[in-house]
Amino acid sequence: MITSDLLNRAVETLRRGGVIALPTETVYGLAANCEDELAVRRVFAIKGRPATHPLIVHVARASELPSWARHVPEEAWRLAESFWPGPLTLVLPRTARATDAVTGGQDTVALRVPNHPVALAVLDALGGGVAAPSANRFGRVSPTSAEHVRADLGDEVDLILDGGPCTVGVESTIVDLSGKEPAVLRPGGLAVEELERVLGRKVPVRTSATVRVSGSLASHYAPRAGVVLSEPADVGARVTSLRARGHNVGVLGPPGLTLPPGVPRYDVPEDPAGAARALYTRLREADEQGHDVLVACLPRAEGLGIAVRDRLSRAAAPRPAGG
Ligand code: TXA
Ligand code: MG
């Protein structure tokens with residue numbers, strides 16, 4: 001935890017319209033009081049994110065849902081009860097308290113109760129909602145430690161709260177409950193199988209919806225190096241052929257891969273939850289070594305492996321020129 005002095009400073013900073021970096025269990029957030037339009041605009045400016053992309057409103061507890069959502073279906077209560085605080089975001093029809101600045105003018109609002117003692121203490125003391133996108137520049141790798149935030153945005157935030165490394169490591173799972181049927185808009189730190197177990201039905205993953213989910217742009221979560229995806233059995237051959245073409249190659253993957261001698265490997269464990277926890281840190285470490293290509297080993301497509309595969313695919317997608 002942090003000292004009560006630091007907690008007070010954080011809350012005062014938010015009250016006077018400042019922007020702070022806040023630890024959560026998924027990734028660090030760039031946090032502003034979501035009822036302060038100027039502060040929210042500053043979050044968009046710092047990230048370099050288009051203002052039409054909506055933000056998640058973080059609250060201290062599920063009982064605050066009705067003040068932000070004008071209709072809270074029974075399935076939302078059930079998910080909140082099972083998984084909050086935790087890596088789950090619910091999209092619901094908004095009340096007027098969720099402003100256009102936060103929702104990007106959409107008729108819905110995204111809400112989540114994060115599972116981190118520092119975030120919960122700040123939200124509780126503030127007594128309101130905090131808009132917090134991941135504390136990285138738009139399109140880049142999300143931060144999973146205070147050090148990552150310092151490296152990316154150090155000078156531009158008013159305060160960085162250090163809550164240690166994130167225990168989940170990928171962003172929350174976003175579930176849209178504003179339509180007739182629930183749908184996953186972004187696979188994340190809560191396994192889709194878990195959602196389905198609690199809802200007692202299949203929940204389709206619809207990552208290319210018409211809503212503006214920036215994490216669902218094809219090219220996102222990208223390091224500077226190019227990323228090439230590979231099944232574990234093919235990694236060695238991929239590396240050999242890339243090296244033959246003159247590339248400086250690094251590998252992201254578990255121990256036990258058959259690799260040509262001298263190829264640096266950045267450890268991303270085989271088990272899906274371990275892979276999620278390590279992914280962004282290893283992407284950053286590999287990027288610092290100046291590789292021009294990273295061959296990323298795909299984890300099994302189950303549990304958090306679905307989120308890891310999603311992020312790796314987006315990191316591997318072709319980027320717009322200059323991006
Ligand atoms: O784990 C997380 O969710 C982290 C931590 C800091 O809580 N936050 C995060 O925020 O990932 P951000 O802004 O990077 O991603 C929020 C996603 C965006 O892709 C956004 O488009 C989507 O949530 N979103 C927000 N409001 C929405 C809405 N009303 N309908 C659909 N998608 C929405
Ligand atoms: Mg993000």
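The values are calculated or read from the model by the stated rules, or taken from the named source; none is laboratory data. This one's a predicted model, so the numbers in the text were calculated from it and none came from an experiment. Here the Cβ positions follow ideal geometry from the backbone for every residue, glycine too, while neighbour counts run over all protein chains shown. These accessible areas exclude ligands, DNA and RNA; they are computed on the full protein's heavy atoms, side chains included. Shrake-Rupley method; radii C 1.70, N 1.55, O 1.52, S 1.80 Å.
Pull up the DSSP beta bridges for the stretch 1-159 and report the antiparallel fraction as a percent, rounded to 5. Before the final figure, lay out the partial values.
Values: 13 of 17 bridges.
Taking every DSSP beta bridge with both residues in the stretch 1-159, the antiparallel ones total about 75 percent.
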Angle, helix 235-244 long axis vs. longest principal axis of the chain, Cα atoms, 0 to 90°, nearest 10? 70
Where Rh denotes the Kirkwood radius from the mean inverse Cα pair distance, what is Rg over Rh for the chain? 0.97
Using Cα-Cα distances under 8 Å and only pairs 6 or more residues apart, what relative contact order does the stretch 180-320 have, in percent? 33
Tally the DSSP beta bridges in the chain and give the antiparallel ones as a percent, rounded to 5. 40
How large a share of the accessible area of the stretch 120-278, in percent, is made up of carbon and sulfur atoms when the probe is 1.4 Å and the other protein chains stay in place? 51
Take every Cα pair under 8 Å in the chain that's 6+ residues apart, average their separations, divide by the length, and report that relative contact order as a whole percent. 19
A chain fully extended from GLU147 to HIS71 at 0.36 nm per residue, minus the present Cα-Cα distance, gains in nm 23.4 nm
The stretch 1-136 - accessible surface per residue (Å², probe 1.4 Å): 36
How large is the accessible surface of THR258 in square angstrom, using a 1.4 angstrom probe and rounding to the nearest 10? 120
Please name which of PRO23, HIS71, GLY86 has its Cα lying farthest along the dipole of the stretch 1-132 towards the positive end, using unit charges on Cβ (Lys, Arg +1; Asp, Glu -1) and the Cα centre as origin. PRO23
Charge context of ARG197, other residues only, Cβ under 15 angstrom, K/R +1, D/E -1: -3
For the full complex of protein chains and a 1.4 angstrom probe, list GLU231, GLU75 by accessible area with the highest value first. GLU231, GLU75
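State to the nearest 20 debye the size of the charge dipole of the stretch 83-227 about its Cα centre, where the only charges are +1 on K and R beta carbons and -1 on D and E beta carbons. Could the numbers behind the result be given before it?
Working: 14 positive and 15 negative charges, 107 e Å.
In debye, rounded to 20, the stretch 83-227 gives about 520.
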Highest first, please rank the peptides 25-33, 198-206 by the mean number of other Cβ atoms sitting within 10 Å of their residues. 25-33, 198-206
Would you mind pulling out the separation of the Cα centroids of the stretch 236-276 and the stretch 14-45, in Å? 37
